[in-house]
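Step one of this worksheet: look at the structure below.
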Amino acid sequence: MRVGVVKETKVAERRVALTPAGARELTAAGHQVLVEQGAGEGSGCSDLAYEAAGARLIERAPDVWAESELLLKVKEPVPDEYGLVHDRLTLFTYLHLAPNRPLTEALLRSGATAIAYETIEDSHGGLPLLAPMSEIAGRLAAQAGAYYLQAPFGGPGVLIGGVPGVAPARVVVIGGGVVGTHAARIAVGMEAEVTILERSLERLRVLDEQFGRRARVLMSDVSTLEAALAEADMLIGAVLVPGARTPRLVTREMLSLMRRSSVIVDVAIDQGGCFETSRPTTHAEPVYDLDGIVHYCVANMPGAVPATATRALTNATLPYVRALADRGIERALAPDPGFARGVNIRAGEIVYQPVAEAYALEALAA
C-alpha cells in the first residue's frame, strides 16, 4: 500500500504522523512510504532519516495526497487541504468532527474514508490513540496554568506551590479521565492544593485510591462546581465525550464566581470546549482575557512538545497503520469492532453516531 505523510499546516503544529522508525517498519513489510520533504523537521525527524528508512521523499504536499492510498496526519485537514482529499483515500488522523461542520461537509463531498484516532476503542472501551496525547495535554495543562498564574502574564501573581508560610494555588480539575488524572498528577507534584471533580462513581473510587490525601476527589454536581469555582486560582477543563461535542459545564454567568485574574485551561477545546466563554487559541497567541479571567484554549497543546508527542503518537498508531496497510480497510476493521468505531465518514456518509447527532442526522451502518 502507498502510505503518505505530509507536513502539518495548522498554525504552530510541529508534530508529524510517523517517525522514521515507523516508516522503516512499513517499508520492511513491503509498503511504499511517501513523505513530504521537511515533514518531520519540527519533531527532530530529518529527511535523511526517512530516506534511510526506505521512504520516498516528495517535494510537494499535493503530490503526496494524490499518490497516497492511506494518508497519515496528526491534525484534521485545514481548509487549504480540503480539495486534496479524494475518493480513493483513507485518511487517518485526529478529526474532531462534531464541532467542525466545514470539515465534515468537505469530507462528505470527497467520498474518502475518514478514520479518527480519537474514536477508536480498545477491548475495554478505552481510547488507545487518544490516550497518549491526553496524557501529554493533561501534564501541559498544569504547566501552562502555573505559568499564567504569574502576574506579568495576566494571572493573580500566585506561585502554584506556595512557600513556607504562604498557601499554594488552588487548582480545580473538572473531569477525572486521562487528561484530568495527568493534570492533577502534575499539579500535585508542583505542590498545589488540588481538587478533582468527577461524575463516575467508579472513577471516583479509582482516583481516591490513586491520590489518597494528596488531592480532594469530589462528586461533580452544580453546587460543588460553583463552590469550587469560588475557591479556584486555576480551573482545568478535562471533560471528554468520545467523538461528540463537549458539554459546556461552566457558563459565562458562573465565571463571575471566580476571583479576578484566575486562570482557565480548557483542554477540551478540540471538541468545542467545556466553558461557554472558550474559543480556540494558538501557541502563538495562547491566551485572552474575558470578564477578568485568563483563558488558555490552545487547540493542539501536545504540539508544544513535538519530539515527545510524535514518538508517543507513532507508538500508539503504528499497529493500526500496519493493520490497514497489510490487510486493507475491510479486513482490518471486520474482526475489530473497536477499530471500526474509528470510521467517522465513508463514501459520502457519516457512519459514527455521535458525529451524526451533532448535526441532527442518523448515522448509517459502517
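Every number here is computed from the coordinates shown, using simple stated rules; none is lab data. Model, not experiment: these values are computed from the prediction. A quick note on method: Cβ atoms are made from the backbone with ideal geometry, for glycine too, and the neighbour counts reach across all protein chains shown.
Within the chain, what's the longest stretch lacking GluC sites (Glu not before Pro) that sit in DSSP loops with no more than 15 other Cβ atoms inside 10 Å?
Working: sites that count: Glu59, Glu191, Glu276, Glu362.
It works out to 60-190.
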Nearest-ten-degree value, helix 101-110 long axis tilted from longest Cα axis of the chain: 10
Value at 222 nm in deg cm²/dmol, rounded to 500, when DSSP H runs of n ≥ 4 in the chain each add -39,500 (n - 2.57): -10000 deg cm²/dmol
0 to 90° range, to nearest 10: angle between helix 178-189 axis and the chain longest Cα axis: 50
Euclidean distance between Cα centres, the range 1-42 to the range 295-359, Å: 16
At R0 = 45 Å, FRET efficiency that the Cβ-Cβ distance of Arg252 and Ala307 yields, to 0.05: 0.75
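Most exposed first by the Cβ proxy, i.e. fewest other Cβ within 10 Å, how do Cys45, Cys297 rank? Don't skip to the answer; put the middle values down first.
Values: Cys45 28, Cys297 24.
Ordered from fewest to most neighbouring Cβ atoms within 10 Å, Cys45, Cys297 come out as Cys297, Cys45.
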Neighbour-count order for Asp289, Asp336, fewest beta carbons within 10 angstrom listed first: Asp289, Asp336
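Assigning unit charges at the beta carbon (Lys, Arg +1; Asp, Glu -1) and nothing else, what dipole magnitude in debye, to the nearest 20, does the chain show about its Cα centre? Please list the in-between numbers first.
On the way: 34 positive and 43 negative charges, 83 e Å.
Here the chain has a charge dipole of around 400 debye.
Relative contact order for the chain: what percent, with Cα pairs under 8 Å and sequence separation of 6 or more?
Working: 814 pairs, mean separation 66.1, N = 366.
RCO, the chain: 18 percent.
In debye, nearest 20: dipole of the range 131-299 around its Cα centre with unit charges on the Cβ of K, R (+) and D, E (-)? Numbers along the way, then the final one.
Working: 15 positive and 18 negative charges, 33 e Å.
Dipole magnitude for the range 131-299 comes out near 160 debye.
Need one word for the range 94-152: rounded, prolate or oblate. Basis is the Cα gyration tensor (sqrt eigenvalues a ≥ b ≥ c); a/c below 1.5 gives rounded, then a/b vs b/c decides.
Note, shape of the range 94-152 comes out oblate.
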Angle between the chain longest axis and helix 306-333 axis [Cα atoms, degrees, rounded to 10]: 50
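According to the square roots a ≥ b ≥ c of the eigenvalues of the Cα gyration tensor, what is the shape class of the range 131-299, taking rounded for a/c under 1.5, prolate for a/b larger than b/c otherwise, and oblate for the remainder? Could you put the intermediate results ahead of the total?
Working: a/c = 1.33, a/b = 1.05, b/c = 1.27.
Here the range 131-299 falls in the rounded category.
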Positive dipole terminus of the chain, leading residue within Ala114, Ala39, Leu149 (C-beta point charges): Leu149
Alpha-carbon centroid distance for the pair the range 49-103 / the range 132-187, whole angstrom: 34
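With charges only on Cβ, +1 for K and R and -1 for D and E, what is the dipole size of the range 71-211 about its Cα centre, in debye, rounded to 20?
Numbers: 11 positive and 15 negative charges, 39 e Å.
Charge dipole, the range 71-211, about its Cα centre: 180 debye, nearest 20.
So which chymotrypsin sites (Phe, Trp or Tyr not before Pro) in the range 315-366 end up in coil per DSSP with only 16 or fewer other C-beta atoms within 10 Å?
Numbers: sites: Tyr320, Phe339, Tyr352, Tyr359; in loops: Tyr352, Tyr359.
For chymotrypsin sites (Phe, Trp or Tyr not before Pro) across the range 315-366 that sit outside H, G, I, E and B with at most 16 neighbouring Cβ atoms in 10 Å, the list reads Tyr359.
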Relative contact order (%) - criterion: Cα under 8 Å, at least six apart; region: the range 131-299: 21
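Taking only C-alpha pairs under 8 Å that are 6+ residues apart, what is the relative contact order of the range 22-73 in percent? If you can, show how the numbers build up before the last one.
Values: 55 pairs, mean separation 19.4, N = 52.
Relative contact order here is 37 percent.
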Sparse-neighbourhood loop sites, trypsin sites (Lys or Arg not before Pro) in the range 202-298 - DSSP loop, at most 14 other Cβ within 10 angstrom: Arg260
Virtual spin-label span in nm between Glu357 and Glu285, 7 Å along Cα→Cβ: 3.5
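Round to the nearest 0.05 the FRET efficiency obtained for Arg259 and Ser200 when R0 = 30 Å and r is the Cβ-Cβ distance.
Numbers: r = 29 Å, r/R0 = 0.97.
Here the calculated transfer efficiency is 0.55.
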Cβ-based charge dipole, the chain, positive-most Cα from Ala137, Val6, Leu84: Ala137
